[in-house]
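To start, the structure itself, in structure tokens.
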Amino acid sequence: MNGHTINPSICAVILAAGTSSRMGRPKQLLELNGLPLLEHVIRAALSGNFSEIITVIGCEADKIQKAISIEDPRFRWVINEDYLSGQGSSFKTGILNAGDTHSGVMVFLGDLPFISESTVQSIYQTGKGMFKVQHESFVIQPEYSGITGHPVFFGHPDRNLFMEIQGDRGAKAIMNKIPHRKSITVDDRGILFDIDTPEAYEEAINQNG
């Protein structure tokens, strides 16, 4: 992907097309602190200095678009018609829609609503700084208590590599093929706290109650 590495264009991609099979109802629209769960993730992305913010939806796409209204001109919805084949298809849809205009892409998952704005900023700034010294593909992951989570920053992403992703494995399948990997420690459990079961949703409500 192209882009001026002195002042790189960085895109946020939020993956939120799934069927919520483990939840039993569309988790994107579960209410949390008065907002749909997915809107919390979108707002976290909006807090960053991204050139563009793409949210990939599929299951219940119409309902989600009616429930969540984002005025920011950087934001747009993208529909993944092939969402039933797994998260990999949403990943590819997001990368393809980001196009060649961005030097970097930060990928968020739509069911991690507690990621702090400071974490988003920390990953963003680390990625931006790496463009000054790194001219090959690289990836940055946040780490909490020794466990890596999301969002994940891809610098100089190789589109051909992303097109190899299949099924529900997301980016894990291609991580080892990216030449340079870096993890940054954050004090933010939100990078790991995904809400994909009724139990996790109940814990989320209690945590914020």
> Any idea how far the Cα center of segment 137-165 sits from the one of segment 1-79, in Å?
Replying inline: 18 Å
> Going by how many other beta carbons lie within 10 Å of each one, how would you line up 102, 40, fewest first?
Replying inline: 40, 102
> Just one of (i) 0.97; (ii) 0.94; (iii) 1.02 is Rg/Rh (Cα atoms, Kirkwood Rh) as worked out from the coordinates here. Which one is it?
Replying inline: (ii)
>> Starting from the 7 Å offset along Cα-to-Cβ, what nm value, one decimal, do you get for the label separation of residue 7 and residue 100?
In response: 2.2 nm
> If all Cα-Cα distances of segment 96-174 are sorted into 10 Å bins from 0 onward, what percent lands in each bin, rounded to whole numbers?
Replying inline: 16, 49, 32, 3
> Given R₀ = 30 Å, FRET efficiency for residue 199-residue 147 by Cβ-Cβ distance, to 0.05?
Replying inline: 0.95
> Hey, if you put +1 on the Cβ of every Lys and Arg and -1 on every Asp and Glu Cβ in segment 82-209, which of 135, 109, 171 ends up farthest toward the positive end of that dipole?
Replying inline: 135
> Size of the dipole of the chain about the Cα centre, Lys and Arg at +1 and Asp and Glu at -1 on the beta carbon, nothing else charged, in debye to 20?
Replying inline: 500 debye
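To check you understand DSSP bridge types, tell me what percent of the beta bridges within the chain (both residues inside) are antiparallel, rounded to 5. List each step's numbers first, then the result.
Values: 11 of 35 bridges.
DSSP beta bridges in the chain are roughly 30 percent antiparallel.
Mind checking the dipole of segment 49-105: about its Cα centre, +1 per Lys or Arg Cβ, -1 per Asp or Glu Cβ, Debye to the nearest 20?
Working: 5 positive and 8 negative charges, 14 e Å.
Charge dipole, segment 49-105, about its Cα centre: 60 debye, nearest 20.
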> Given Cα pairs under 8 Å that are at least 6 residues apart, what percent is the relative contact order of the chain?
Replying inline: 27 percent
> Convex hull over the Cα atoms of segment 50-135, averaged projected area in nm²?
Replying inline: 6.7 nm²
> Is any residue of segment 129-155 close enough, with backbone N under 17 Å, to a label point placed 7 angstrom from the Cα of residue 185 along the Cα-Cβ axis, and if so, which?
Replying inline: 141-149
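Every read-out reported here was derived from the displayed coordinates using simple, explicitly stated rules and does not represent laboratory data. Everything numeric in this text was worked out from a predicted model, so none of it was measured. Here Cβ is always computed from backbone atoms with ideal geometry, including for glycine, and neighbour counts include all displayed protein chains.
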